[in-house]
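Heads up: the structure comes next, in structure tokens.
The values are calculated or read from the model by the stated rules, or taken from the named source; none is laboratory data. In this text the structure is predicted, and so the values were computed from the model without any measurement. Ideal geometry is used to build each Cβ from the backbone, glycine not excepted, and the neighbour counts take in all protein chains shown.
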Amino acid sequence: MKKKLMLVIVAAALSGAAANAKDWTHVKVGIEGAFPPWNMIDSSGKLSGFDVDLIEDLCKRAHVQCELITGEWTSLIPSLNAGKFDLVMTLGINEMRKQVVDFTVPYASGVASFLTLKDGSVPALPMTGERLNLNDHAKADAVMAGIGKELKGKSVGVVGSTSQEQLIQSYFGDTVTVRTYKSSPERDLDLKAGRIDAGFDSGVYGTSMLAKPGNEDLQMSGPLVKGAMLATEVALGTRKGEDDLRQKFDAAIKSAADAGVIKTLSEKWSRLDLTPTFSGN
């Protein structure tokens, strides 16, 4: 009798799981639309950028129809968990976010850097243009201490709810004024006007922004950093436990990387090869 009852319970559980499973023929993707060259609204009012080109390719590989929906950066994860989206793009992987969402494998690997005015209040920062892993404490701690001395008493602008904000608060929060913004272009307006002394952002964003007319007075300064709490490995975010959807896009991302699509698209939009390296490869 006990054995029969157990079989009934197991069958019911499997039946419920099957009933709750999704076929994922239609996927809603949350995207900011204000973070060039990753994603932006172009002059015709359409979404464009590296993310937009790449998700089109990934959705074909995953055999799903994708609908892109824009939203403010700070609303994307709450909207994902509320069911408005099924995926969120341009989501850097870090431990804090792992507590509330699951991640696909990275679809891009980048860095972060400071932005300053060429003749502004912040002098040239050490290791400009050189790569620095913050997890290499023997080297990085001294460099970051030197940067802290140059920034002491200054104001640094970051996009709110980003790992860049976390880093500035963690390393320099006691000695600098941290100003948060809804978007990178909004922050840049204050930087160019001298209302803040420096910005800190994605190196891909910085490289793209500096190449555009009207930004000749700005420069990237200091090292190209990754590691610590920085979310420079960029992935798609999914709700906790939706492993079937995550695995579909894991396979699509790896396939796109192997086919050279990520390299081609990232170099098109940023002049940098952002192809990630997967563990075990």
**Request:** Identify all residues within segment 234-244 that are of a type in the set (D, E, K, R) and either outside the structural domain of Leu91 (by TED's automatic domain parsing) or assigned to a loop (DSSP other than H, G, I, E, B) (or both); write none if there are none.
**Result:** Arg239, Lys240, Glu242
**Fill in**
Turns out the strands (runs of 3 or more DSSP E) fully within segment 26-98 with at least 2 residues that are touching an Asp or Glu at 6+ places or on another chain (Cβ under 7 Å) are 26-31, 87-92
**Asked** So which residues in segment 182-200 are surrounded by 21 or more Cβ atoms within 10 Å (Cβ to Cβ) and over 13 Å from Leu218 (Cα atoms), if there are any at all?
**Response** Ser184
**Item:** Matching residues in segment 95-131 - criterion: being β-branched (Val, Ile, Thr) and either surrounded by 17 or more Cβ atoms within 10 Å (Cβ to Cβ) or within 25 Å of Ile262 (Cβ to Cβ) (or both)
**Value:** Val101, Thr104, Val105, Val111, Thr116, Val122
**Message:** Can you list residue pairs whose Cβ atoms sit under 7 Å apart, with the first residue in segment 248-271 being under 21 Å from Ser202 (Cβ atoms) and the second being loosely packed, with under 15 Cβ neighbours inside 10 Å and of a type in the set (D, E, K, R)? Count only pairs 6 or more apart in sequence or on different chains.
**Reply:** Lys263/Asp273; Ser266/Asp273; Glu267/Asp273
**Message:** Yes or no: segment 252-262 includes at least one residue that is assigned to a loop (DSSP other than H, G, I, E, B) and not charged (D, E, K, R).
**Reply:** yes
**Prompt:** Looking at segment 88-130, which of its residues are of a type in the set (Gly, Ala, Ser) and farther than 15 Å from Met144 by Cα?
**Reply:** Gly92, Ala108, Ser109, Gly110, Gly120, Ser121
**Asked** All but one of (1) under 28 Å from Leu134 (Cβ atoms); (2) in contact with a helix residue (DSSP H, G or I) (Cβ under 6 Å, 6 or more places away or on another chain) hold for Ser255; which doesn't?
**Response** (1)
**Asked** Checking Val204 against (1) under 16 Å from Phe35 (Cβ atoms); (2) at pLDDT 95 or above; (3) of a type outside the set (S, T, N, Q); (4) surrounded by 23 or more Cβ atoms within 10 Å (Cβ to Cβ), which test does it fail?
**Response** (2)
**Prompt:** Taking segment 229-269 on its own, how many of its residues are crowded, with 18+ Cβ neighbours inside 10 Å and within 30 Å of Leu151 (Cα to Cα)?
**Reply:** 5
**Request:** Could you run through segment 99-125 and say how many residues are within 17 Å of the chain's Cα centre (by Cα) and either in a strand (DSSP E or B) or polar (S, T, N, Q) (or both)?
**Result:** 9
**Message:** Looking only at segment 235-274, count every residue that is modelled with pLDDT under 95 and among the aliphatic types (A, V, I, L, M) and tell me the total.
**Reply:** 2
**Selection from segment 159-195 of residues that are of a type in the set (Val, Ile, Thr) and in a strand (DSSP E or B)** = Val159, Thr177, Val178, Thr180
**Request:** Please indicate, with yes or no, whether at least one residue in segment 132-146 is in contact with a Phe, Trp or Tyr (Cβ under 7 Å, 6 or more places away or on another chain), in contact (Cβ under 8 Å) with a residue 24 or more places away in the chain, surrounded by fewer than 20 Cβ atoms within 10 Å (Cβ to Cβ) and not in a helix (DSSP H, G or I).
**Result:** no
